1. Just give me the residues in the stretch 67-94 being among the small types (G, A, S) and farther than 20 Å from H53 by Cβ, in sequence order.
2. Quick check on the stretch 34-49: of everything there that is buried (at least 16 other Cβ atoms within 10 Å of the Cβ) and more than 13 Å from the chain's Cα centre (by Cα), which residue is farthest from L104 (Cα to Cα)?
3. Between I82, I70, I90, which is open to solvent by less than 20 Å² (accessible area, probe 1.4 Å) and at pLDDT 90 or above?
4. Scan the stretch 17-33 and tell me whether some residue there is at pLDDT 90 or above, open to solvent by 30 Å² or more (accessible area, probe 1.4 Å) and small (G, A, S).
5. Hey, which of the strands (runs of 3 or more DSSP E) in the stretch 39-111, taking only ones fully inside, have at least 1 residues that are more than 17 Å from F24 (Cα to Cα)?
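The values are calculated or read from the model by the stated rules, or taken from the named source; none is laboratory data. In this text the structure is predicted, and so the values were computed from the model without any measurement. Every residue, glycine as well, gets a Cβ built from its backbone with ideal geometry; the counts of neighbours run over all protein chains shown. Areas reflect the complete protein model, heavy atoms only, side chains present, ligands, DNA and RNA absent. Shrake-Rupley method; radii C 1.70, N 1.55, O 1.52, S 1.80 Å.
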Amino acid sequence: AVLQGLRPAARPIGRVRATLPPGFPTMDEAETALLDPDDPAMIAHWYVPLAGHEVYAFYEAALPLAGFRIIGLYPGDIGAIIRFDDGTRILQVYMTGDLGQTDLIVRTDVR
C-alpha cells in the first residue's frame with residue numbers, strides 16, 4: 001500500500017556526481033536539482049513534489065525491494081535519513097522539506 005501511486009522511475013533522475021548503485025529506486029515525480037560543489041559526499045540530488053513522510057515511506061519500502069539492506073532509519077519532522085548498504089559501501093538517502101516538496105539527496109555515509 002505504501003508504494004501505491006509512487007512508482008520507481010525507469011531511469012535514475014537527478015544530477016549525479018558518482019554512480020548511483022544499480023537498481024536504485026527513484027520516483028517518477030522527481031525533478032533534477034543541482035549538486036553542491038562544496039559537498040563531495042553528495043552523489044545525486046532532486047526534488048519530489050510530495051510530503052516528506054510520503055517520500056520516506058517510499059524509500060523505506062522500495063530500498064529493500066530493490067535489494068538494498070537498510071542499516072538505519074532516522075525519521076524526523078524537518079529532516080530524515082535512511083542509511084543503506086549497496087553491497088560495496090554505506091550510503092544515505094537524506095530528506096528535508098515541508099508538506100509540499102521534499103529535497104532528496106543521496107550521499108556517501110557521513111557521521
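1. G67, G87
2. A41
3. I82
4. yes
5. Working: elements: 42-48, 69-74, 79-85, 90-97, 102-108.
Once the strands (runs of 3 or more DSSP E) in the stretch 39-111 are filtered for at least 1 residues that are more than 17 Å from F24 (Cα to Cα), what remains is 69-74, 79-85, 90-97, 102-108.
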